[in-house]
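*Asks:* I have a structure I would like to understand better, so I am pasting it below and will then ask my questions one at a time.
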Amino acid sequence: MRFSQIVGSPSKTLAIVLIAFCVGILVASILFIVPTSWSFWSSWSLLPLLPFLLVFLFFLSSRPSRTSRPSGPFLIFFLLASFLFGIFRYQQSEVPSYLTTVADRTDVSVRVQGSVLNEVERRIDSQQIILSKLIVADESVFGKLLVRAPLFPRVSYGDVLTFSCRLEKPEPFNGFSYDKLLASRGILATCSFPQFVFVSSGDSNEFLKTVLSFKEKVTGRLRFLFNEPHGSFVSGLLFGGSASLSNDLRDDFSRTGLAHILAASGVNVSLFSVVLLRWLLLSPLGRRKGLIVAGVLLFIYIFAAGATPAVVRAGIMAGLLILQLTIGRQARMVNVLLLALAVMLLFNPRLLLDDIGFQLSFVATSALLFFHPVVEKWITFIPSALGIRTAISSSLVAICFTLPILIWNFGQISLISPLANAITLPFVPFLMATALIALIASVLFLPLGQIVALVGVSLSYVVLRLVTVFGSLEFASVPIAYSHVIATIIAVLLFIIVFYKRHSFLHATRNTS
Amino acid sequence: MRRVTPHKQSHKLFVVLRLFIAGVILFLLAYTAQFARIQTPGLKVWFFDIGQGDAIFIETPNGQQILIDGGPGDLILQKLSSVMWPWDHSIDAIVITHPDADHITGLVSVLERYQVKTIYETGVRGGTPMIQALEQAIINEQSQNKIVRGGQTFNWDGVQVFVRWPSEEAIQTQKDRNNTSVVLKLVYGSTSILLTGDAEETIEEEIGFSVGDIDVLKVGHHGSKTSTSVQLLKSISPEVAVIPVGADNSFGHPHPIILERLKQVGAQIFRTDLDGDILLVSDSVSYKISPAFLPF
């Protein structure tokens with residue numbers, strides 16, 4: 001592609017400007033480009049960008065036509081501005097060195113006060129609470145705190161906790177950058193089993209409180225319909241975070257390389273959307289109404305799931321899949337995808353390298369967008385009834401493209417992982433659909449919901465049994481040397497395949513007849 | 001619209017048939033083992049492997065369900081759903097031996113999820129957040145509450161229950177909650193079981209001789225050396241000892257001395273940390289006890 005071609009096409013211009021922004025963030029996060037001493041004038045570093053931004057806005061407002069399209073030098077300015085803005089945005093997410101953070105108060109037992117920031121994760125033997133507005137030893141400090149507390153007293157969103165605890169700095173373990181993952185969410189310290197916990201109520205966002213209590217009702221109903229561990233598993237699949245699964249089961253999930261479906265990563269939501277869309281489009285509703293129904297369902301889903309950042313991201317990804325069918329042209333989807341990426345990174349630039357859930361979700365969705373239609377045509381020997389073929393092909397695509405990320409981050413290859421994923425993932429959309437149908441049916445007529453739930457329990461039973469059986473195999477998970485090298489090789493191989501096949505991928509349209 | 005040829009239609013029917021068969025197979029896969037577990041005739045006593053804590057589930061010959069303690073967390077819910085039908089949301093009775101976290105934490109969730117008809121407890125309370133949560137859950141449940149004292153007897157569908165402890169005096173004077181534990185002797189035909197909660201040696205001395213011969217002993221306090229005295233073992237001479245204990249627990253339970261004592265009286269030992277879930281089945285004449293596989 002020649003430069004003049006990019007200059008000539010507004011959509012390509014937009015694409016390349018968005019890419020420049022993302023690359024800016026990438027470069028900043030890899031190189032850590034700004035030394036902390038810069039932080040004093042960091043808030044001013046936007047200033048030199050101002051002229052560029054003004055020109056950019058001017059460019060956006062003027063309708064591009066053949067006569068007044070921007071010239072090459074202009075585009076280079078935009079690119080540079082966008083790139084620098086990416087760097088600036090990342091740097092802004094750094095904690096300024098002159099602030100006292102909660103990480104400065106670690107390794108001694110102190111009195112801590114903080115308010116519960118969002119939904120509390122109830123595990124089988126503990127609660128995971130994220131606190132903000134921290135006051136440590138009577139001094140207000142910057143940053144959030146992750147607290148692992150006993151199951152009682154029960155804590156929920158909006159509460160204010162006072163306790164004494166020995167705070168700790170998060171450390172990476174087994175080569176997995178746990179500390180960076182937490183930092184990407186603003187969590188700078190952790191506390192295990194605080195003492196003398198006192199809970200009082202504080203002020204909270206009424207909207208979030210309503211959303212969370214609605215979610216609690218929905219999961220409560222799910223847990224009534226599905227007995228344990230299926231209730232936890234299914235509500236985790238639907239709304240992210242199967243925190244309340246037993247530790248043994250969670251271990252089995254990570255040993256078999258299936259932990260990603262529990263990680264609220266959005267991979268499962270995207271998989272489900274693909275299968276659901278296929279059903280809706282083939283249903284008597286027809287294409288237009290089917291897409292509208294899908295959009296409405298997605299909107300309801302985001303609120304039912306508590307509208308946490310992870311859920312909103314998963315929702316955006318699934319929304320892209322719906323949009324693809326509305327737009328129809330793959331080439332434009334590239335822009336939409338880039339725009340979604342840029343917006344998400346604008347909100348939290350740390351997602352790009354530090355949040356594995358984001359990476360998995362983004363990669364899986366992009367792969368589904370562009371490669372799934374092609375792969376689906378390769379496996380025509382599988383029956384298409386009930387969307388089985390769609391389920392299998394979409395799972396295959398997601399598995400292949402997320403593999404390098406999993407190997408890179410967890411430094412171990414689960415030998416059983418490809419098999420376990422291939423066998424269990426296709427069940428997932430059906431399980432999610434059954435759970436949703438059971439939920440809706442139970443609102444109309446409880447016994448009907450319970451009967452539908454039996455099918456769901458059977459499906460969940462099979463998935464969980466497969467996971468435990470695979471997980472119990474001695475060779476299930478093998479730590480590998482040079483995991484980064486191997487991950488890179490796989491990624492490069494995938495890239496080569498994509499590059500040589502790009503035309504067939506870009507021109508593939510979904511067969512919706 | 002695409003025209004559906006008769007050939008295509010029969011193909012579709014075939015696919016639906018196959019899916020239906022797949023569904024049935026799925027259902028059988030999931031429930032056959034469960035059916036076998038639930039339909040075993042006789043008295044069933046499950047000693048659940050729920051980590052460092054106690055949770056014992058009893059199903060009487062006619063299907064009454066009694067849960068004694070709930071373990072240290074929500075794992076009990078998984079265990080219950082492996083031995084109960086998914087549509088079964090009621091439990092006939094819960095026994096709270098004493099309000100320590102490793103015995104009652106799971107009960108809060110059980111009370112929230114299941115309709116419990118009767119709660120047997122000693123009435124002992126304490127100031128921990130855990131106990132307050134349990135108290136609230138009991139109030140919300142609105143079940144029939146019975147205060148248990150030594151000397152009472154109950155009949156659970158043909159299973160005779162003799163309460164051996166606590167005495168009213170112990171409730172008033174004992175500082176240690178372990179020593180207010182409910183101690184039950186269950187008798188079904190010729191099978192007798194002693195469930196000791198966390199009662200320690202001093203309590204064992206008081207009740208030891210009145211208990212008589214016992215087939216199966218639930219070892220007190222997870223095999224801690226403060227329980228299971230030589231005198232008790234001599235007077236009850238158990239054939240089988242079950243130790244509910246968590247793998248790699250920080251207390252070092254069960255204590256080697258206790259294991260040695262049990263061996264010396266000739267008791268066969270089952271441990272939940274090594275054997276997993278343990279099932280006793282009695283047909284009132286003889287009993288069988290062995291590790292039993294629960295899927296989750």
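*Asks:* Answer yes or no as to whether A:Ser458 is within 14 Å of chain B (Cβ to nearest Cβ), more than 25 Å from A:Leu225 (Cα to Cα) and either more than 22 Å from the chain's Cα centre (by Cα) or free of Cβ contacts under 8 Å to residues at least 24 places away in the same chain (or both).
*Replies:* Details: within 14 Å of chain B (Cβ to nearest Cβ): yes; more than 25 Å from A:Leu225 (Cα to Cα): no; either more than 22 Å from the chain's Cα centre (by Cα) or free of Cβ contacts under 8 Å to residues at least 24 places away in the same chain (or both): yes.
Judged against the criteria, A:Ser458 is not a match.
Residues checked against (1) of a type outside the set (D, E, K, R); (2) touching a residue at least 12 places away in the same chain (Cβ under 8 Å):
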| residue | (1), (2) |
| --- | --- |
| A:Ile130 | yes, yes |
| A:Lys144 | no, yes |
| A:Arg148 | no, yes |
| A:Phe152 | yes, no |
| A:Phe163 | yes, yes |
| A:Pro170 | yes, yes |
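*Asks:* Among the residues of the stretch A:110-122, are any among the hydrophobic types (A, V, I, L, M, F, W, C), surrounded by fewer than 16 Cβ atoms within 10 Å (Cβ to Cβ) and over 30 Å from B:Leu134 (Cβ atoms)?
*Replies:* As a first pass, look at the stretch A:110-122 and keep what is among the hydrophobic types (A, V, I, L, M, F, W, C): A:110, A:112, A:116-117, A:120.
Within this subset, residues satisfying the condition of being surrounded by fewer than 16 Cβ atoms within 10 Å (Cβ to Cβ) are none.
No, the stretch A:110-122 has no match at all.
*Asks:* Given the criteria farther than 13 Å from B:Val95 by Cβ and either in contact with a strand residue (DSSP E or B) (Cβ under 9 Å, 6 or more places away or on another chain) or surrounded by 15 or more Cβ atoms within 10 Å (Cβ to Cβ) (or both), does B:Ile131 qualify? Lay out the reasoning, then the answer.
*Replies:* Details: farther than 13 Å from B:Val95 by Cβ: yes; either in contact with a strand residue (DSSP E or B) (Cβ under 9 Å, 6 or more places away or on another chain) or surrounded by 15 or more Cβ atoms within 10 Å (Cβ to Cβ) (or both): yes.
Yes, satisfied.
*Asks:* If you take the residues in the stretch B:260-296 that are under 21 Å from B:Leu43 (Cα atoms), away from chain A (no Cβ under 14 Å) and of a type in the set (Val, Ile, Thr), which one is surrounded by the most Cβ atoms within 10 Å (Cβ to Cβ)?
*Replies:* B:Ile278
*Asks:* Report yes if A:Leu222 is assigned to a helix (DSSP H, G or I), within 14 Å of chain B (Cβ to nearest Cβ) and among the aliphatic types (A, V, I, L, M), otherwise no. Reasoning before the result, please.
*Replies:* On the way: assigned to a helix (DSSP H, G or I): yes; within 14 Å of chain B (Cβ to nearest Cβ): yes; among the aliphatic types (A, V, I, L, M): yes.
Judged against the criteria, A:Leu222 is a match.
*Asks:* Could you tell me whether A:Ile405 is farther than 19 Å from A:Trp279 by Cα and of a type outside the set (Gly, Ala, Ser)? If you could, list the steps in order and put the result at the bottom.
*Replies:* Working: farther than 19 Å from A:Trp279 by Cα: yes; of a type outside the set (Gly, Ala, Ser): yes.
Here the answer is yes, as A:Ile405 does meet what is asked.
*Asks:* Please enumerate the residues belonging to the stretch B:48-75 that are away from chain A (no Cβ under 14 Å), closer than 23 Å to A:Ser126 by Cα and either touching a strand residue (DSSP E or B) at 6+ places or on another chain (Cβ under 7 Å) or small (Gly, Ala, Ser) (or both).
*Replies:* Result: B:Ile56, B:Leu67, B:Ile68, B:Asp69.
*Asks:* Same structure again: Which residue, of B:Thr196, B:Thr226, is touching a residue at least 12 places away in the same chain (Cβ under 8 Å) and buried (at least 24 other Cβ atoms within 10 Å of the Cβ)?
*Replies:* Numbers: B:Thr226 fails: buried (at least 24 other Cβ atoms within 10 Å of the Cβ).
Of B:Thr196, B:Thr226, the one residue that is touching a residue at least 12 places away in the same chain (Cβ under 8 Å) and buried (at least 24 other Cβ atoms within 10 Å of the Cβ) is B:Thr196.
*Asks:* In addition: Quick check on the stretch A:290-300. Is at least one of its residues in a helix (DSSP H, G or I), at pLDDT below 80 and crowded, with 19+ Cβ neighbours inside 10 Å?
*Replies:* no
*Asks:* Which count do you get for residues in the stretch A:76-88 that are within 18 Å of A:Ser29 (Cβ to Cβ) and crowded, with 20+ Cβ neighbours inside 10 Å?
*Replies:* Selection size over the stretch A:76-88: 6.
*Asks:* Has the stretch B:150-161 got at least one residue that is at positive phi and in contact (Cβ under 8 Å) with a residue 60 or more places away in the chain? Show your work before the answer.
*Replies:* Start the filter on the stretch B:150-161 by keeping residues that are at positive phi, which leaves B:151, B:157-158.
Remaining after also requiring in contact (Cβ under 8 Å) with a residue 60 or more places away in the chain: B:157-158.
Yes, some residue in the stretch B:150-161 is at positive phi and in contact (Cβ under 8 Å) with a residue 60 or more places away in the chain.
*Asks:* Could you run through the stretch B:1-23 and say how many residues are at pLDDT 75 or above and facing chain A (nearest Cβ under 10 Å)?
*Replies:* Total meeting the criteria: 0.
*Asks:* Quick one: how many residues across the stretch B:153-174 are among the charged types (D, E, K, R) and exposed (fewer than 14 other Cβ atoms within 10 Å of the Cβ)?
*Replies:* Going residue by residue through the stretch B:153-174, those that are among the charged types (D, E, K, R) are B:157, B:164, B:168-169.
Restricting the remaining residues to those that are exposed (fewer than 14 other Cβ atoms within 10 Å of the Cβ) gives B:168-169.
The total comes to 2.
*Asks:* Regarding the stretch B:31-41, can at least one residue be identified that is in a loop (DSSP other than H, G, I, E, B) and more than 8 Å from every other protein chain (Cβ to nearest Cβ)?
*Replies:* Quick first cut of the stretch B:31-41, residues in a loop (DSSP other than H, G, I, E, B) only: B:40-41.
Filter once more, so that each one left must be more than 8 Å from every other protein chain (Cβ to nearest Cβ): B:40-41.
The answer is yes, given that some residue of the stretch B:31-41 is in a loop (DSSP other than H, G, I, E, B) and more than 8 Å from every other protein chain (Cβ to nearest Cβ).
*Asks:* Any idea which of A:Ile486, A:Ile451 is hydrophobic (A, V, I, L, M, F, W, C) and more than 10 Å from chain B (Cβ to nearest Cβ)? Break it down into steps so the answer makes sense when it comes.
*Replies:* Numbers: A:Ile451 fails: more than 10 Å from chain B (Cβ to nearest Cβ).
After ruling out the rest, the residue left standing is A:Ile486.
*Asks:* Test of understanding: among A:Ser442, A:Ser384, which residue is more than 30 Å from A:Phe475 (Cα to Cα) and surrounded by fewer than 20 Cβ atoms within 10 Å (Cβ to Cβ)? Write out each step before concluding.
*Replies:* On the way: A:Ser442 fails: surrounded by fewer than 20 Cβ atoms within 10 Å (Cβ to Cβ).
Going through A:Ser442, A:Ser384 in turn, just one is more than 30 Å from A:Phe475 (Cα to Cα) and surrounded by fewer than 20 Cβ atoms within 10 Å (Cβ to Cβ): A:Ser384.
*Asks:* Do we find that A:Ile388 is assigned to a helix (DSSP H, G or I) and more than 15 Å from A:Ser361 (Cα to Cα) in this structure?
*Replies:* yes
*Asks:* Ok, one more. Given A:Ser201, A:Ser244, A:Ser213, A:Ser265, which one is of a type outside the set (A, V, I, L, M), modelled with pLDDT of 85 or more and closer than 21 Å to A:Ala314 by Cα? Let's see the steps before the verdict.
*Replies:* Numbers: A:Ser201 fails: closer than 21 Å to A:Ala314 by Cα; A:Ser244 fails: modelled with pLDDT of 85 or more; A:Ser265 fails: modelled with pLDDT of 85 or more.
Result: A:Ser213 is the single residue among A:Ser201, A:Ser244, A:Ser213, A:Ser265 that is of a type outside the set (A, V, I, L, M), modelled with pLDDT of 85 or more and closer than 21 Å to A:Ala314 by Cα.
*Asks:* Oh, and also: Which members of the stretch A:465-482 meet the condition of being modelled with pLDDT of 75 or more and among the small types (Gly, Ala, Ser)? I'd like the intermediate steps shown before the answer.
*Replies:* Here is the first cut: in the stretch A:465-482, the ones modelled with pLDDT of 75 or more are A:465-473, A:482.
Hits for the stretch A:465-482 are A:Gly471, A:Ser472.
*Asks:* Considering only residues of the stretch B:108-130 that are among the hydrophobic types (A, V, I, L, M, F, W, C) and closer than 25 Å to A:Phe224 by Cα, which is farthest from the other protein chains (Cβ to nearest Cβ)?
*Replies:* From the stretch B:108-130, those among the hydrophobic types (A, V, I, L, M, F, W, C) are B:108, B:110-111, B:116, B:119, B:124, B:130; that's our starting set.
Now narrow it down to the ones that are closer than 25 Å to A:Phe224 by Cα: B:108, B:110-111, B:116, B:119, B:130.
On the way: B:Val108: 7, B:Val110: 11, B:Leu111: 13, B:Val116: 15, B:Ile119: 18, B:Met130: 5 Å.
The residue in question is B:Ile119.
One line per residue, one yes/no per condition, for (1) closer than 25 Å to A:Ile486 by Cβ; (2) away from chain B (no Cβ under 14 Å); (3) assigned to a helix (DSSP H, G or I); (4) not polar (S, T, N, Q):
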position	(1), (2), (3), (4)
A:Gln359	yes, yes, yes, no
A:Val363	yes, yes, yes, yes
A:Leu368	yes, yes, yes, yes
A:Phe371	yes, yes, yes, yes
A:Glu376	no, yes, yes, yes
A:Pro383	no, no, no, yes
A:Ala398	yes, yes, yes, yes
A:Leu403	yes, yes, yes, yes
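Yes/no matrix, rows are residues, columns are (1) touching an Asp or Glu at 6+ places or on another chain (Cβ under 9 Å); (2) assigned to a loop (DSSP other than H, G, I, E, B); (3) more than 13 Å from every other protein chain (Cβ to nearest Cβ); (4) under 19 Å from B:Gly246 (Cβ atoms):
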residue: B:Leu77; (1), (2), (3), (4): yes, no, no, yes
residue: B:Pro86; (1), (2), (3), (4): no, yes, no, no
residue: B:Ala93; (1), (2), (3), (4): no, no, yes, no
residue: B:Asp102; (1), (2), (3), (4): yes, no, no, yes
residue: B:Gly106; (1), (2), (3), (4): yes, no, no, yes
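*Asks:* Here are A:Arg221, A:Arg255: which of them is closer than 23 Å to A:Asp354 by Cα and either surrounded by 16 or more Cβ atoms within 10 Å (Cβ to Cβ) or of a type in the set (S, T, N, Q) (or both)? Lay out the reasoning, then the answer.
*Replies:* Working: A:Arg221 fails: closer than 23 Å to A:Asp354 by Cα.
Result of the check over A:Arg221, A:Arg255: A:Arg255.
*Asks:* Continuing with the same structure: State all residues of the stretch A:485-513 that are surrounded by 15 or more Cβ atoms within 10 Å (Cβ to Cβ) and at pLDDT 80 or above; if no residue qualifies, say none.
*Replies:* A:Ile486, A:Ala487, A:Ile490, A:Ala491, A:Leu494
The values are calculated or read from the model by the stated rules, or taken from the named source; none is laboratory data. As the structure is a computational prediction, the values presented were derived from the model and not from experiment. Backbone-built Cβ (ideal geometry, glycine too); neighbour counts: all protein chains shown.
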